[in-house]
1. Give me 223, 98, 268, 78 sorted ascending by neighbouring Cβ count inside 10 Å, so fewest comes first.
2. Once you keep just the Cα pairs under 8 angstrom separated by 6 or more residues, what percentage relative contact order results for region 75-224?
3. Report the FRET efficiency, 1/(1 + (r/R0)^6), for residue 104 and residue 132, where r is their Cβ-Cβ distance and R0 is 35 Å, rounded to 0.05.
4. If I model a spin label as a point 7 Å beyond the Cα along the Cα-Cβ vector, how far apart are those points for residue 36 and residue 206 in nm?
5. Taking the Cβ-Cβ separation of residue 268 and residue 162 as r and a Förster radius of 45 Å, what is the calculated FRET efficiency to the nearest 0.05?
6. Run the quick spin-label model on residue 213 and residue 43: label points 7 Å from Cα toward the beta carbon, then report their separation in nm to one decimal.
7. Would you order 219, 27, 49 from fewest to most other beta-carbon atoms within 10 Å of each residue's own beta-carbon?
8. Return the distance in nm (one decimal) between the two label points of a simple spin-label model at residue 258 and residue 63, each offset 7 Å from Cα along Cα→Cβ.
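A short reminder: the numbers here are calculations on the coordinates, not readings from a lab. Not measured: the values here are computed from a predicted model. With ideal geometry, Cβ positions are generated from the backbone for all residues, glycine too; neighbour counts draw on all protein chains shown.
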Ligand code: URA
């Protein structure tokens, strides 16, 4: 087995586990396990340790197969439950979004974050370039939320948010907010924002004297939470993703819609999560499928890759405010 010393990383070099993860065949942690199992060669020699840097010229194989250069760009919708943090590893050891994903998902990143107590739609992708472009404020994709908050507010108060608001020197852009109903000491409000700043909904509503006690993201750009059950993921088909992105965003993100989709490689002995854990229980009656995007044909308009339709209420947006 080859023991190459871990040297300082050159600009063109990266840790081998990172390179394997980027190729989409395993998470970084699984790549390290696969290396420890002696299944990876570097330039013809079996590696014993992941503490190795590699560059573009190095030849890597896993189980005798060359490392594929790139995986197809993919996007998933995840219905995030409360209580999960949107970070790869939490210093406080709290459960993460990534811990809860099916074992057979490739390595993915979240497109933006939701707070630990926020529920609803989180977009996941295996393509860092796509994540960056979608989350970028200039892309202007609308994030739509439903919030339950303690306190009193009028529609006239909410209308003032249309001009944007500055809170503690932080500027928030225009917010479309609708008072849906009053429920005891709480109000339910639907909000549409285009930014993605830290705790933006909570801070904006706090500014109006409200305390948010439930927050659900209903949609992000053209993608809708719809009736996707809490804790489940659903992949967006390549054709739909391509249409919804449009050519401009696809080019900016440097997406790859041509390469094949690969099955991830698992370390030996790693238990597979049973399919039942990943999907809705089989004894539940099937729900009618509703599309989770607003316009499959991808009307074009500006950077967003879809037209003004995105700004209207989606036909399959979560309908009534959830009870509770
Ligand atoms: N705004 C918030 O306050 N929290 C979120 O998780 C998302 C938007």
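1. Values: 223 24, 98 21, 268 8, 78 27.
So the ranking, lowest neighbour count to highest, is 268, 98, 223, 78.
2. Working: 300 pairs, mean separation 38.5, N = 150.
Relative contact order of region 75-224: 26 percent.
3. On the way: r = 25 Å, r/R0 = 0.72.
So, using R0 = 35 Å, E works out to roughly 0.90.
4. 4.1 nm
5. Working: r = 57 Å, r/R0 = 1.28.
Calculated transfer efficiency: 0.20.
6. Modelled inter-label distance: 6.4 nm.
7. Details: 219 27, 27 23, 49 15.
Fewest to most other Cβ atoms nearby, the residues stand as 49, 27, 219.
8. 2.7 nm
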